[in-house]
Each structure stands twice: as structure tokens, then as C-alpha cells.
1. Name every residue in the stretch 278-330 that is within 11 Å of the ligand (Cβ to nearest atom), among the β-branched types (Val, Ile, Thr) and within 20 Å of LYS217 (Cβ to Cβ), in order of residue number.
2. List pairs: first in the stretch 256-278 and on the phi < 0 side of the Ramachandran plot, second near the ligand (Cβ under 8 Å from one of its atoms) and part of a loop (DSSP other than H, G, I, E, B), Cβ under 6 Å, 6+ apart or cross-chain?
3. Quick check on the stretch 169-192: of everything there that is open to solvent by 40 Å² or more (accessible area, probe 1.4 Å) and over 14 Å from PRO210 (Cβ atoms), which residue is nearest to the chain's Cα centre (by Cα)?
4. Does LYS335 count as farther than 24 Å from LYS165 by Cα, open to solvent by less than 60 Å² (accessible area, probe 1.4 Å), more than 8 Å from the ligand (Cβ to nearest atom) and of a type in the set (D, E, K, R)?
5. What strands (runs of 3 or more DSSP E), lying completely within the stretch 337-434, carry at least 3 residues that are among the aliphatic types (A, V, I, L, M) and in contact (Cβ under 8 Å) with a residue 40 or more places away in the chain?
6. Quick check: anything in the stretch 339-350 outside the structural domain of ASP404 (by TED's automatic domain parsing), open to solvent by 10 Å² or more (accessible area, probe 1.4 Å) and more than 10 Å from the ligand (Cβ to nearest atom)?
7. Which pairs turn up if I take residues in the stretch 118-137 that are on the phi > 0 side of the Ramachandran plot and look for partners that are surrounded by fewer than 20 Cβ atoms within 10 Å (Cβ to Cβ) with beta carbon separation below 8 Å, at least 6 apart in sequence or on another chain?
8. Any idea which residue in the stretch 200-254 is most open to solvent (accessible area, probe 1.4 Å), counting only those that are basic (Lys, Arg) and at pLDDT below 95?
Amino acid sequence: MVYKRKSFQTLRGMKDILPKDWLYYDYILSNTKKIFAFYGFQRIETPILEKAELFTKGIGKKTDIVNKEMYILRTKENKELLALRPEGTASVVRAYIEKGMFNLPQPVKFYYFGPFFRHEKPQAGRFRQFYQLGAEIIGEGSPATDVEMIIVSQVFLESLGFKQKNICLSLNSIGCSECRPVYIKELKKYYRKYIKQICDNCRRRIKENPLRVLDCKNEKCLFIKNGAPISLDYLCSECNSHFKDILELLDYLDVSYILDKTLVRGLDYYTRTVFEFFLGNEIKRIALAGGGRYDKLVKSLGGTYKPAVGVAFGVERLMDELVKKGKTLVLPKPKIFLVQIGDAAKKQSFKLLEQFRKENIFLGENLGKESLRAQLTAANNLEVDYVLILGQEEVLNGMIILKDMDSGLQELIPLEKIINEVKKRFKKQKSKSK
Ligand code: HAM
């Protein structure tokens, strides 16, 4: 009888982050820290699990993110509904209120970097567990803050090697609770005329979350969408002048953008400005980041009125684009390998390795192996420049063999001098390569 061994696999839309991938995550995180800290943002991390209600209230019950994509779990004891965080803004706002950060000098500027979860249909650049790096400025409503968010985002993208001319910033204003209802009424009226022609999704959306009809990519809805009323025509005077100030500042700063009159975004907390950074064109666009203003969120989650603005980048999307652009990051490799033969040499090797490490010299080793051949094969695979060989005899004489892998030459060196000798050779190598 043949038993089939059970093997486990990652869930659909989720992936292991392997050592070679971490190089890119770390690279993006180190740029995040550098740029955002320099612009006055401080790091915050919120828990991966939160009460589901935080997101239902924060992002909106009728949004796809909450309605279709949120991972929900129930605790055994108290039957509380919890959710794996689908985004970071609601959690950061929760922390801001809970920790009384409204008492700090305003605005408070945060950045974060971590995993998020959405039960979406996996496809290129779309995962069920993905990393986002986000930034929020809470406690300031001036158009200057929206512009600051856009500028720091651009500087961050440039720090990763993306050129401003290749990245599109699309912008829109979707108004506030004063003017948006008037616009939505007009939008609904317009779509009602085409109710039989539009796709099922639009038919549902026009009832449940009307702004989102403008997000429809279905071809048969395109011409209807193109003729739809636009939010910019319905802005109240405050929203209008807020948006005008932003555009003026961006023009003054030579930041190029496109006015995307159908940009609405998929989260209900936005007020006024919404924006996205994307690569590609209108038809095939890869959204690297999205953000906007959310002046009502702090209050709706239990705080007092605090206007705010934020952005979040998709880390895997940034990674994909970095790789496509030819950015190669490789795992560090040792240039020298220590081979040991016999018990005494193995013990001595532990000491020697630590002495090298204290001097910041990265040594390859395979202390688990006994045979000389196996250890030399490992050294060869690493393509090291030097091999150190420590056998019983060398231990007894206080010596070590230094083998130059290029020339094949071997020298006996006193153990206490080996670190300096290696340093000398590396220095010579460095000055030759200059
Ligand atoms: P979002 O547009 O939902 O905004 O997500 C931001 C970015 O995360 C997207 O532009 C995309 O690059 C990436 N992203 C989203 N979903 C996925 C996925 N399933 N797989 C891979 N990457 C994905 C927000 O999350 C808002 N919280 C942004 C924000 C911060 N607004 C104000 N403050």
C-alpha cells in the first residue's frame, strides 16, 4: 500500500517571503525610514488584529474592502468579531485617539510598514497578504498638508530610483459632507437613465456606494462613465478653494499631475483631495500608491474633529517595478571560509570565528561537517577568495593554513596573526580594484 505524504502549501494569494525577497523589503523599509523620518514622520505599528467594527465604521460598510474582502474571525470566549487589518489608516486613527495624541502639538505625523490582508482575487500585483508602507498627517487641514504628502511621496519614490517623468500623479477632489450629497444626487439621476445598459456591478454600486460607479472598468459602461457629471463641478466654495490652492502650490513647485475627474478611491473616509501615483497609462495602470484627505475620520471613530491626510504604497508593487527596472540586490557572501578537521580544530574554530566576527569580517563555515572535501566544496560554491584550514597539527603548533583560491598558494600563518594578515590582504585587494 502506498501512502501519499501530506504536504502543505501557502494559501492562495499569500506567499513566503524568502531571504532573497527580504533584501527588497529591507531596501524599501530603509528608504522609508530615511525619507519619512527626514520629513518629520515618526514610526508607528498597530496590531494586525483589530475589532472588525473599527474598519466597518472607518472604511465604510458598503465598500468592497469591508463588504467582500475583509478576513473576519470570531474569538471563542466572547464571540467578538475581529478582523485582519485590510489597511492602516483606521488603526492609526484609533491609536491617535486611544493614546490621547490629540494633546500633542498638532499635526502628528506617522509612518508605518507591515502586512495587510484583503480577500481579493489574486492576480499580478494583487495579493491577499501584502505589505504597505503608509504615512498619515493628523490634526491639520490646510492644503499645504496635502501638498506635503504628495511631495514626500514623490521624494520617496525618487529615492528608490523612480523618475518623476515616469510616474503619474492623478488627483481629484470629491468634496465634503456639504457638497458631496448634491453631487451624488446628480450622479444617481444621470445613471438612472442608463440603468438597463450598465453592468450588474454598477447597478449595485449606484444603489449602495454611488461614487464607486466611476471606478468601473467594464467596456460597456465606459461611454456612460465618460458622460457622467463630475464632482469638481459640484464642490462648495470651501472645497473649491482648498483644491485650487493645492493645484496652485503644485504648479508653483513644478509638480506635474493629471486631473482625474473619475478618481474616487475605494474607501469611504475620504473628503476633498484624493490622489494616486501610478505607472503605465489610463488603460493599463499599476497603482503604486493611493491616498487622500480624511477630515471626518477621527470624529467618526470617537475623537474630536481633526482633519487629516495620508498615503499608502504597495510594497510588492514597488518591488516588482524595481526588479523590472533591473535593480539587483544580492545576499551578502563571505570572501573567506574556515575549514576545520578534527575535534580540537573544531573547538578552536568556534573561538576563531567569533574573533573574526568581532573584527566585522564575514567568514563562511560549516562546523557541522567533518570531511575536508565537503567543506572545500562548500567554500568553492561560495566562490571565496581565501580558505583557512585548521587541522590537529596546526592547533598543536598554534598555526593555520591560509590558501589563496586564485593562485592555489598555501601559507602557514601563526594563529594570533591571522586576523591581521586577512585584513592586510583584503586591503590590498580593495586598493587593486580601485
Ligand atoms: P489603497 O489604495 O487601498 O489605500 O492601498 C494603497 C496601495 O496598496 C495601493 O495603491 C496598492 O499599491 C497597494 N495594494 C492595495 N491592495 C493590494 C493588494 N491586494 N495586493 C498588493 N498591493 C495592494 C489604502 O490602503 C489607504 N489606507 C491609503 C491611505 C492612507 N489613505 C489615507 N491614508
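1. So in the stretch 278-330, the residues within 11 Å of the ligand (Cβ to nearest atom) come out as 278-279, 285-294, 297, 308-321.
Filter once more, so that each one left must be among the β-branched types (Val, Ile, Thr): 286, 309, 311, 315.
Listed by number, the list holds a single entry, ILE286.
2. TYR269/TYR294; TYR270/TYR294; VAL274/ARG265
3. Only one residue tops the list, namely SER177.
4. no
5. 386-390
6. Within the stretch 339-350, not a single residue is outside the structural domain of ASP404 (by TED's automatic domain parsing), open to solvent by 10 Å² or more (accessible area, probe 1.4 Å) and more than 10 Å from the ligand (Cβ to nearest atom).
7. Between residues of the stretch 118-137 that are on the phi > 0 side of the Ramachandran plot and residues that are surrounded by fewer than 20 Cβ atoms within 10 Å (Cβ to Cβ), the close pairs are GLY125/ILE286; GLY125/ASP320.
8. Our first condition is that a residue be basic (Lys, Arg); within the stretch 200-254, this holds for 203-205, 207, 212, 217, 220, 225, 244.
Of the ones still in play, those that are also at pLDDT below 95 are 203-205, 207, 212, 217, 220, 225.
Values: ARG203: 80, ARG204: 68, ARG205: 25, LYS207: 166, ARG212: 35, LYS217: 150, LYS220: 108, LYS225: 26 Å².
Ranking the qualifying residues of the stretch 200-254, first place goes to LYS207.
The values are calculated or read from the model by the stated rules, or taken from the named source; none is laboratory data. Predicted, not measured: the structure shown is a model, and the values here were computed from it. Every residue, glycine among them, receives a Cβ derived from its backbone with ideal geometry; neighbour counts consider all protein chains shown. Accessible surface areas use protein heavy atoms only, side chains included; no ligands, DNA or RNA. Shrake-Rupley method; radii C 1.70, N 1.55, O 1.52, S 1.80 Å.
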